[in-house]
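To start, the structure under review is shown below, and the notes come after it.
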Amino acid sequence: MEKESPNQFSNIKNIIGIMSGKGGVGKSSVTALTAITLREQGYNVGILDADITGPSIPKVFGLNQRKAMGTPSGVEPVVSSSGIKIMSINLILDNEDEPVVWRGPIISNAVKQFYTDVIWGDLDYLLIDLPPGTGDVPLTVMQSLAIDGIIIVSTPQDLVKMVVNKSMKMVKMLHTPIIGVIENMSYFICPSCDEKHKLFGESKVRDAAKSMGTHLISEIPMDPLLVELSDEGKIELYTKHNFTFSDTYQKEIN
Ligand code: ADP
Ligand code: MG
């Protein structure tokens, strides 16, 4: 299928999708933390929020009162305080509380336009925060954008693993490379004893990843501070995000 091209004002080196079978497992958090880490390493980074019906990227960056500006050449993304360029449906709508009640093809077109009509400029990485599941948008993104790889986000529970397997199979069917799996809410660190505790028993995600020919990139703990800072729109102040990056991960996306 013909791949879309970005406009003449955009030059994007790597496109990475963040996907999972289920909602609420931490795709948006992982997308944000990955962007923040890459930005700290000096890369130019953009986030395309492809979750049109459940956008959460502007809020965690504290940009929900901001609007993307339309110009004759295209739409200017909103830039976060650390310099991450962000495009989301919530940066266009007048009222962020209004639900988007659109049919699949219209939603998919909006996502395509976030790629083709936004003035991204020079980006080392464009991260795409995908909606949950294996529906229209992930399909459109993998078929019509030149995706370099997909990161799958999972939590440790069995049920989640099953849905994650579906996502991995979809990615494979579409011949898109899987960078690896991030297990979120993997454990929590007991504040008094400083030990790691598993919340959902022994995880099977590592084995699931292996059986699909990929690997676990990293395990992110459950951390109330992450929720607090996300709710306040200050996720860029979360300093423990480097755990989303193992050396292997860096190697594979470079
Ligand atoms: P998704 O994009 O997959 O729907 P989110 O990233 O929005 O998931 O996360 C869902 C909720 O869980 C949010 O309130 C978020 O702050 C919280 N959350 C995500 N990851 C963690 C974590 N590691 N520790 C604590 N809370 C988390
Ligand atoms: Mg999300």
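The single residue among I47, I12 that is modelled with pLDDT of 95 or more and within 16 Å of ligand 2 (Cβ to nearest atom) turns out to be I47. Scanning segment 1-51 for residues that are within 16 Å of ligand 1 (Cβ to nearest atom), of a type outside the set (V, I, T) and buried (at least 18 other Cβ atoms within 10 Å of the Cβ) yields a total of 16. Starting from residues that are open to solvent by less than 10 Å² (accessible area, probe 1.4 Å) and more than 14 Å from ligand 1 (Cβ to nearest atom), keep the ones in segment 123-140 and report whichever is nearest to E4 (Cα to Cα). Step by step, filter segment 123-140, then rank; the result is L126.
When N90 is tested against (1) of a type in the set (S, T, N, Q); (2) more than 16 Å from ligand 2 (Cβ to nearest atom); (3) open to solvent by less than 30 Å² (accessible area, probe 1.4 Å), exactly one condition is not met: (2).
Would you check which residues across segment 52-75 are hydroxyl-bearing (S, T, Y), farther than 17 Å from S230 by Cβ and within 16 Å of ligand 1 (Cβ to nearest atom) and list them? T53, the sole residue that qualifies. Residues that are among the hydroxyl-bearing types (S, T, Y) and farther than 25 Å from I106 by Cα were ranked within segment 163-194; the one that is most open to solvent (accessible area, probe 1.4 Å) is S192.
The set of residues in segment 67-96 that are of a type in the set (D, E, K, R) and touching a residue at least 12 places away in the same chain (Cβ under 8 Å) comprises K67, E76, K85, E96.
Listed by first and then second residue, the pairs with beta-carbon distance under 6 Å, at least 6 apart or on different chains, first residue in segment 53-66 and more than 15 Å from I128 (Cα to Cα), second within 10 Å of ligand 2 (Cβ to nearest atom) and modelled with pLDDT of 95 or more, are V60/A32. Residues that are of a type in the set (S, T, N, Q) and within 18 Å of the chain's Cα centre (by Cα) within segment 224-241 comprise just one, S230. The set of residues from segment 141-162 being among the aliphatic types (A, V, I, L, M) and crowded, with 20+ Cβ neighbours inside 10 Å comprises V141, M142, L145, I147, I150, I151, I152, V153, V160. In segment 61-80, the condition of being surrounded by 15 or more Cβ atoms within 10 Å (Cβ to Cβ), under 22 Å from I151 (Cβ atoms) and within 16 Å of ligand 2 (Cβ to nearest atom) is met by at least one residue. I'd like to check something: does segment 23-41 contain any residue that is away from ligand 2 (no atom under 16 Å from the Cβ), of a type in the set (G, A, S) and more than 18 Å from I179 (Cα to Cα)? No, segment 23-41 contains no residue that is away from ligand 2 (no atom under 16 Å from the Cβ), of a type in the set (G, A, S) and more than 18 Å from I179 (Cα to Cα).
The values are calculated or read from the model by the stated rules, or taken from the named source; none is laboratory data. Note that the coordinates shown come from a computational prediction; the quantities given were computed from them, not determined experimentally. All Cβ positions, even for glycine, are placed from backbone atoms using ideal geometry, and neighbour counts span all protein chains on display. Please note that ligands, DNA and RNA were not included when accessible areas were found on the heavy atoms of the full protein model with its side chains. Shrake-Rupley method; radii C 1.70, N 1.55, O 1.52, S 1.80 Å.
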